[in-house]
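This report refers to the structure that appears directly beneath it.
Values in this text are rule-based calculations from the coordinates and carry no lab data. All values reported here derive from a predicted model rather than from experimental measurement. Neighbour counts run over all protein chains shown; Cβ positions are idealised from the backbone, glycine included.
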Amino acid sequence: MAPVKKSPTRGSVRQSTRGAGAITAHRLPPLDAADWSGTRGSLDGTGLKIAIACSRFNGNVTDLLLNGALAELDGHGVKKADRTVVWVPGAFELPLAASVAARSGQYDAVICLGAIIRGETSHYELIAGECASGIQRLQLELTLPVVFGVLTTEDLAQALARAGGAHGNKGAEAAATAIETVNVLRELERTRPGLFEDAPAGRKTR
């Protein structure tokens with residue numbers, strides 16, 4: 001009987017099947033970590049205008065996510081004057097704040113940051129599910145990057161580990177995702193003229 005193959009454990013390193021070196025599981029790999037053929041975006045944030053919607057609930061975690069996101073934007077050339085931070089009470093309100101920002105036409109992308117930690121009731125599943133689906137519906141409707149940087153963890157320790165701890169900072173990853181996604185959409189517009197002609201109001205094109 002053939003042995004059962006075990007899946008990589010959290011935080012483990014797996015070999016990429018794309019012909020490059022090792023890639024850490026559960027992390028956004030660097031653009032040069034593998035031979036990503038095809039159309040892709042860069043991490044050049046020069047001139048981009050970014051809105052960040054951040055939840056005050058579990059603020060000891062979301063503050064760290066926000067700090068990570070802002071540092072990442074700094075590192076990729078997004079000026080302080082070109083970013084706006086909007087605070088909302090909790091993760092459930094993130095899609096609404098993101099919707100207002102995205103529909104304004106003033107931003108190239110919106111980043112949503114929050115921390116939903118499981119409790120003793122089903123409240124966790126309801127909030128996490130509605131938050132994620134609201135953010136996804138918004139970006140699909142507007143064809144504008146609206147990035148899900150919301151932690152959904154079993155306990156506070158797991159959240160802190162992903163807010164600058166052993167598992168990196170998911171706020172920073174969300175910021176990098178926003179920049180890369182804006183740029184890959186622009187590359188698609190450049191190489192395939194007319195692709196976004198019917199894009200709804202809210203999408204910025206340059």
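Mean separation of Cα pairs under 8 Å and 6 or more residues apart, divided by the residue count, gives region 44-191 a relative contact order of 31 percent. Peptides 187-194, 168-175, ordered by how many other C-beta atoms sit within 10 Å of their residues on average, highest first, read 168-175, 187-194. Cα-based values for region 44-191, radius of gyration first and Dmax second, are 14.6, 51 Å.
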